[in-house]
Amino acid sequence: MADWKNVWRRGMCLLVLAATIQAQASAQAGQIESGVGAAGSGASVHAERISGVAVIIRVESFAEGPVLEADGYRIRVATGQAASITFAGRLKGIADVGPNTWIRFEGALDAAGMVVAQTARLYPAGSHKALTVMGPRKVKRQPDYEPVTQDSLLDADGHLVSAHTKVRLSDAEGPCGWHRVPADAALQERVQRVGMRVVPEYQKALPEDAPSRIPFRFYAVADDRVRSAIACNEGLILVPKNVLERLKSDDQLGAVLADAVAFNLERQLVTMTPAELGANLGAAAAIPMLFPAGYIAGESVLGVVNYEKGLKVRRDCARIALQLLADAGYDPWQAPEAWRVLAPKQALKDVGSLDYTPEGKYQLGVLKLQYKKL
């Protein structure tokens, strides 16, 4: 009897701990909306210092120091005597910096929402051809996209087989296992079109054999268990039909897919060595654990283990997603609305009375500071 009491007490402690952590996340998200809470990379929207590590998705200008888009920020790299800029690998100077270059930065966020980086380290994309987040890369790469001409089944690697193929759905490995793919040409075309539009231009311009090229593929699948997009193995992004039926516009669909695209971009950190990242970044060995296949875009419920690191990854993705949306010509202000539409288990005709999700509140805080409302 005593043993059962101990088990019960331990179980209750874990439940209380999990509930406390989730409550803290909601409180932090609420603070963000009012301009007080964290803004990703462990810093506040109005904090004096902002830091991060991310791939550069666009270079705006070099007039008064380069303005780069990375980590969901517009970053001006200071060039004065007080600035510290270093280059790694084949990069020799600012002129060598462009999209697909990685930046590790620290600076101050100004009133217009731009980061003025006084410290920046720039280095090329990871060159470990044999590595992906899921292990050794197959010798033969999968095609970027296979049109769906008949009802099919899709595995975690993006292989399409006939819907009549005998597979054990119970063997599905998490949310990325076997999925039913309907042969609805208009539906599949919309998902692929919107998905590829939020993929950054530099990725679409990379040659097929480039180590940092991600073969993005987007499919609509029949799965009522998930109310979001799923980022699976390299570049494979799935969105359930029930999600498509709820979202009000391509802007909202783009917001959900952009979150999964951002996750794919960020998890290329696994191709960087600890030396490139720098010893004081910390937890380099834990990076693969934070970027698993089966990432659920916009998911707010996180495990107790690696909670803070996981929360940072999700904030980074939420912030980068806004940048991808804006660059694609979609309305980034529809991102928090998309998460609010998808939040309830049953679709509602009027979601105006619903509170924003933690991800939506976080994005609202970023939007108010960095984006003008359309």
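Structure summary
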item	result
Search result, residues across segment 182-217 that are under 15 Å from CYS232 (Cα atoms) and in contact with a Leu (Cβ under 6 Å, 6 or more places away or on another chain)	GLY195, ARG217
Pair list, Cβ under 6 Å, 6 or more apart: segment 339-353 residue assigned by TED's automatic domain parsing to the domain that holds VAL239, other residue surrounded by fewer than 19 Cβ atoms within 10 Å (Cβ to Cβ) and among the hydrophobic types (A, V, I, L, M, F, W, C)	ARG340/VAL351; ARG340/LEU354; VAL341/VAL351
Residue among LEU369, LEU302 that alone is among the aliphatic types (A, V, I, L, M), at pLDDT below 80 and either surrounded by fewer than 19 Cβ atoms within 10 Å (Cβ to Cβ) or under 16 Å from the mean Cα position of the chain (by Cα) (or both)	LEU302
Filter pass, GLU245 being surrounded by fewer than 20 Cβ atoms within 10 Å (Cβ to Cβ) and at pLDDT 90 or above	yes
All positions within segment 205-229 that are assigned to a loop (DSSP other than H, G, I, E, B) and over 8 Å from PRO240 (Cα atoms)	LEU206, PRO207, GLU208, ASP209, ALA210, PRO211, SER212, ARG213, ILE214, PRO215, PHE216, ARG225
Residues (acidic (Asp, Glu) and at pLDDT 85 or above) located in segment 63-122	GLU69, ASP71, ASP96, GLU106, ASP110
Enumeration of residues in segment 204-224 that are of a type outside the set (A, V, I, L, M, F, W, C) and in contact (Cβ under 8 Å) with a residue 24 or more places away in the chain	GLU208, PRO211, SER212, PRO215, ARG217, TYR219, ASP223
Matching entry among GLY195, GLY254, GLY235 (being within 20 Å of the chain's Cα centre (by Cα) and at positive phi)	GLY235
Within segment 322-341, tally of residues that are under 17 Å from ALA262 (Cβ atoms) and not in a loop (DSSP other than H, G, I, E, B)	12
From the options ASP316, ASP327, residue that is within 15 Å of the chain's Cα centre (by Cα), assigned by TED's automatic domain parsing to the domain that holds ILE296 and surrounded by fewer than 24 Cβ atoms within 10 Å (Cβ to Cβ)	ASP316
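The values are calculated or read from the model by the stated rules, or taken from the named source; none is laboratory data. Source: prediction; values computed, not measured. Using ideal geometry, Cβ is built from the backbone for each residue, glycine included, and neighbour counts are taken over all protein chains shown.
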